[in-house]
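Notes to accompany the following structure.
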Amino acid sequence: MLLKDRVGVVTGASSGMGRASALRFAKEGALLTLIDVADLSVTKNEILDAVPTAEVLCLAADIADEGAVEDAMEQTALAFGRLDFAFNNAGVMMTRSKVGDVDSASWERVVRINLFGSFYCAKHEIRQMLKAGTHGSIIFNASVGGLIGTPSASDYVCSKHAIIGLMKSVMCDYADAGIRANAICPGQIETPMWENVNSSAMADPDAYARLNRTQNPMRRLGLPEEVAALAAFLASDESSHITGTAIPVDGGHVATNASYFDWS
């Protein structure tokens, strides 16, 4: 098992990529702290059904609250003795407005959750890793929105570009301490959050089929489990010489600038 007896944290673990990653980490032998503002019972039960011996700590915390994040990392260290890896996955979607029209409070909320939340998590994860004197791996969920522009999504795009900058800063500051930092950049992944944003297409079979065909050259949406597979690799020693990277999981979307092509 890639992560046998490793201690990890997953934020935004109640659904989607966070839930899939938590399950994959558990199957790889990790001891886990799950963090979310939403109910984590489904994720925990799914893990225990698959891995009855798994050790799982569930914590309700808002990543935009630094005090809550610090407390969650301290509780993790108290429960498991240390912290070896983290998947900073929690975030929210864009407000779908052009720069000149977007509500400033909504814009700030997206940036505060996505960017400030990722910063608070990384800050206190690093402190626990240094305190334990262990090597560590910090993985950020940065989205293809951290690599390319998207119309009417300045809050999301700015926050995700900044997360990649944060990841590179962690890499620069802590490589000599044995802490690696990388970012996963998912494209269109079929999660409850994605379904909510694309609810009109989900209700129309023809629109949904076209959406699947036209998002990338592979002509399908990605699955949360495909993101989880990369997260498990980056958390493990199999990726021990990989740091400072932003890796798309997007079916070729970024490589082809697929949003501007009609693949139908």
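Some points to look at:
- Compared with the dominant principal axis of the Cα atoms in the chain, helix 117-132 is inclined by about 20°.
- Scattering profile of the range 9-52 at q = 0.19, 0.20, 0.29 Å⁻¹ [log10 I(q)/I(0), Debye over alpha-carbon scatterers]: -0.44, -0.49, -1.05
- Amide hydrogen neighbours beyond the local backbone of Val249, cut-off 5 Å, H modeled: Cys185, Gly187
- Length released on extending from Ala209 to Ser240, taking residue separation times 0.36 nm less the Cα-Cα span: 7.2 nm
- Gyration tensor (Cα) of the chain, equivalent ellipsoid semi-axes in angstrom: 29, 20, 18
- The chain: angle of helix 66-80 to the longest principal axis, Cα-based, in degrees nearest 10: 50
- Pairs of lysines in the range 1-149 (C-alpha under 19 Å apart; 8 or more residues apart or interchain): 4
- With Cα atoms, 0 to 90° folded angle of helix 41-50 axis to the chain main axis: 70
- The range 104-141 residues near the modelled Ala177 label - backbone nitrogen below 13 Å, point 7 Å along Cα→Cβ: 122-138
- Solvent-accessible area per residue for the chain (1.4 angstrom probe, square angstrom): 45
- Taking packing as the residue-averaged number of other Cβ atoms within 10 angstrom, the listed peptides 71-77, 49-55, 174-180 run from highest to lowest as 71-77, 174-180, 49-55.
- At full extension, Asp39 and Glu74 could sit 10.5 nm farther apart than now, given 0.36 nm per residue minus the alpha carbon distance.
- Solvent-accessible area, 1.4 Å probe, carbon plus sulfur percent, for the range 117-264: 55
- DSSP bridge orientation in the chain - percent antiparallel, rounded to nearest 5: 0
- Surface accessible to a 1.4 Å probe, His253 within the full protein complex, Å²: 10
- Once the Cα gyration tensor of the range 111-192 is diagonalised, semi-axes √(5λ) in Å: 26, 12, 11
- Spatial offset of the range 177-254 relative to the range 78-131 amounts to 18 Å, using the alpha carbon center of each.
- Ordering of 104-112, 12-20, 149-157 by burial proxy (mean other Cβ atoms within 10 Å per residue, highest first): 12-20, 149-157, 104-112
- Neighbourhood charge, 13 Å Cβ-Cβ cut-off, centred on Ala38 and excluding it, Lys, Arg +1 and Asp, Glu -1: -1
- Stretched out straight at 0.36 nm per residue, the stretch from Ala229 to Lys131 would grow longer than its current Cα-Cα span by 32.4 nm.
- Distant-in-sequence amide H partners of Leu57 (H built 1.01 Å from N, under 5 Å): Leu32, Thr33, Leu34
- Surface composition of the range 1-88: carbon and sulfur atoms hold 47% of the protein heavy-atom accessible area at a 1.4 Å probe.
- Amide H partners (placed H, <5 Å) of Ser137, local residues excluded: Phe85, Ala86, Arg180
The values are calculated or read from the model by the stated rules, or taken from the named source; none is laboratory data. On a predicted model such as this, the values are computed, not experimentally measured, just so you know. Using ideal geometry, Cβ is built from the backbone for each residue, glycine included, and neighbour counts are taken over all protein chains shown. These area figures cover heavy atoms from the full protein model, side chains too; ligands, DNA and RNA do not enter into them. Shrake-Rupley method; radii C 1.70, N 1.55, O 1.52, S 1.80 Å.
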